[in-house]
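S.K.: My questions all concern the structure below.
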Amino acid sequence: MKIPFVDLQAQYQTIKKDIDDAMSSVMKDTAFVGGSGNKYIRQFESDFSAYLNVKHVISCANGTDSLEILLEAYGIGKNDEVIVPAISWISTSESVGRAGAKPVFIDVCADTLLMDVDQLEKLITPNTKAIIPVHLYGNPVNMEKVMLVASKYKLVVIEDCAQSHGARYNGKLVGTFGHAASFSFYPGKNLGAYGDAGAITTDSDDIASKCRMISNHGQLQKHTHLIEGRNSRMDGLHAAVLSVKLKHLDKWNTARNKNAESYSVQLNAGKIELPVVNENGKHVFHLFVIRSDKRDELKKYLELNGVETAVHYPQPLPLVDAYREAGYSASDFPVASQQCRKILSIPMFPELSAEQVQKISELINSFK
Ligand SMILES: *Cc1c(COP(=O)(O)O)cnc(C)c1O
């Protein structure tokens, strides 16, 4: 029995009728391309804003674009610095570089692997304009601390919620603390489309209207190009799929938590380290990341026994080739550098069965 890392087919089978109906209505209406005239887009934007209780949701083509569009809307560019965590998917720092600004990397906490908010103040310079906290793996960052520092130095906070749809800090949904938030609906995310899609959320009318313009050729109305924008629209099919799937998000996150709980009970914590939920956080386990001193051997062992795993991420962001010119070394990010050698993401998705969790746990426990 092979156990995949994620099983999108299993999830599709549980909601097949609703998805197929939703997709065929989009086909009937030929409502393919996003924009204010597309009722599927309007519906999803309204559904997601009700879910988060935020004023504006602006759909766009993917999560990377949502970060880039937000940075542009806030006027962040040349000579500006933006603080980002040393462990994340590259979109978080890439969007800053693409905006013409400089990503300033902050090391992570050894237990949660989240950005170490206690180091924020020492990285702030007169050029610092924004902070992008990432709720990595679905584990919420201490947003109260981030907002305190941000208000002291008048910084913009853009939450990167690509891995944390439905996660909460102190009972409040992530994506509702900062000035704006970015979401990805890449198929494997906790809320995933059937292709690339993303969204920006904010309570600010001004930022919302700028983001709408930027993402749709500078227009708020057809053929009225107020600025030069770009084409970053969500497709109608994805919006229709997302409206169906959003109804299941909380239930799926509960199932992920149940699987995480079973792993935690069954895995022999003497051999590996279990994920640490941030204090006051409600984790949504986009990924279940264990740590082992023999990570590469363990990965190979699981693979040989039919269990697919992954590493998120093999290197701290500042040490990837894209940032070679900056000349960072592992000792600049001691915690991230050490942890990236140990982390291993094991299968985690709502439909993972109790038998699968048991088999994976037994294999890991039997690894010598
Ligand atoms: C997936 C992801 C993104 C980017 O989303 P895309 O939709 O793939 O462009 C950004 N940040 C983080 C932390 C991610 O995991």
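S.K.: In this structure, does Val33 turn out to be in contact with an Asp or Glu (Cβ under 8 Å, 6 or more places away or on another chain), of a type outside the set (Phe, Trp, Tyr) and open to solvent by 10 Å² or more (accessible area, probe 1.4 Å)? Before you say what the answer is, go through the steps one by one.
M.R.: Values: in contact with an Asp or Glu (Cβ under 8 Å, 6 or more places away or on another chain): yes; of a type outside the set (Phe, Trp, Tyr): yes; open to solvent by 10 Å² or more (accessible area, probe 1.4 Å): yes.
Considered against the rule, which asks whether it is in contact with an Asp or Glu (Cβ under 8 Å, 6 or more places away or on another chain), of a type outside the set (Phe, Trp, Tyr) and open to solvent by 10 Å² or more (accessible area, probe 1.4 Å), Val33 comes out as yes.
S.K.: If you don't mind, another one. Given Ala260, Ala255, which one is farther than 24 Å from Ala336 by Cβ, out of contact with any Leu (no Cβ under 7 Å at 6 or more places or on another chain) and of a type in the set (Gly, Ala, Ser)?
M.R.: Being farther than 24 Å from Ala336 by Cβ, out of contact with any Leu (no Cβ under 7 Å at 6 or more places or on another chain) and of a type in the set (Gly, Ala, Ser) holds for just one of Ala260, Ala255, which is Ala255.
S.K.: Does Glu279 count as modelled with pLDDT of 95 or more and assigned to a helix (DSSP H, G or I)?
M.R.: no
S.K.: Tell me, please, whether a residue that is closer than 28 Å to Phe5 by Cβ and within 11 Å of the ligand (Cβ to nearest atom) can be found in segment 198-208.
M.R.: yes
S.K.: Where in segment 31-104 are the helices (runs of 4 or more DSSP H), entirely inside, with at least 2 residues that are among the aromatic types (Phe, Trp, Tyr) and within 16 Å of the ligand (Cβ to nearest atom)?
M.R.: Filter on segment 31-104 gives 39-52.
S.K.: A further question follows. Only one of (1) open to solvent by 50 Å² or more (accessible area, probe 1.4 Å); (2) over 30 Å from Ala110 (Cα atoms) is not met by Val6, so which one is it?
M.R.: The one condition Val6 does not meet is (2).
S.K.: I need the strands (runs of 3 or more DSSP E) fully contained in segment 138-235, keeping only those with at least 1 residues that are over 30 Å from Ala10 (Cβ atoms) and either of a type in the set (Val, Ile, Thr) or free of Cβ contacts under 8 Å to residues at least 60 places away in the same chain (or both).
M.R.: 156-160, 198-202
S.K.: Also, I was wondering about something else. What is the number of the single condition among (1) out of contact with any helix residue (DSSP H, G or I) (no Cβ under 8 Å at 6 or more places or on another chain); (2) more than 21 Å from Cys60 (Cβ to Cβ); (3) surrounded by 14 or more Cβ atoms within 10 Å (Cβ to Cβ) that Asp18 does not meet?
M.R.: The one condition Asp18 does not meet is (1).
The values are calculated or read from the model by the stated rules, or taken from the named source; none is laboratory data. Since the structure is predicted, the reported quantities are computational estimates derived from the model, not experimental observations. Positions of Cβ are generated from backbone atoms using ideal geometry, with glycine treated the same way; all protein chains shown enter the neighbour counts. SASA here: full protein model, heavy atoms, side chains in, ligands and nucleic acids out. Shrake-Rupley method; radii C 1.70, N 1.55, O 1.52, S 1.80 Å.
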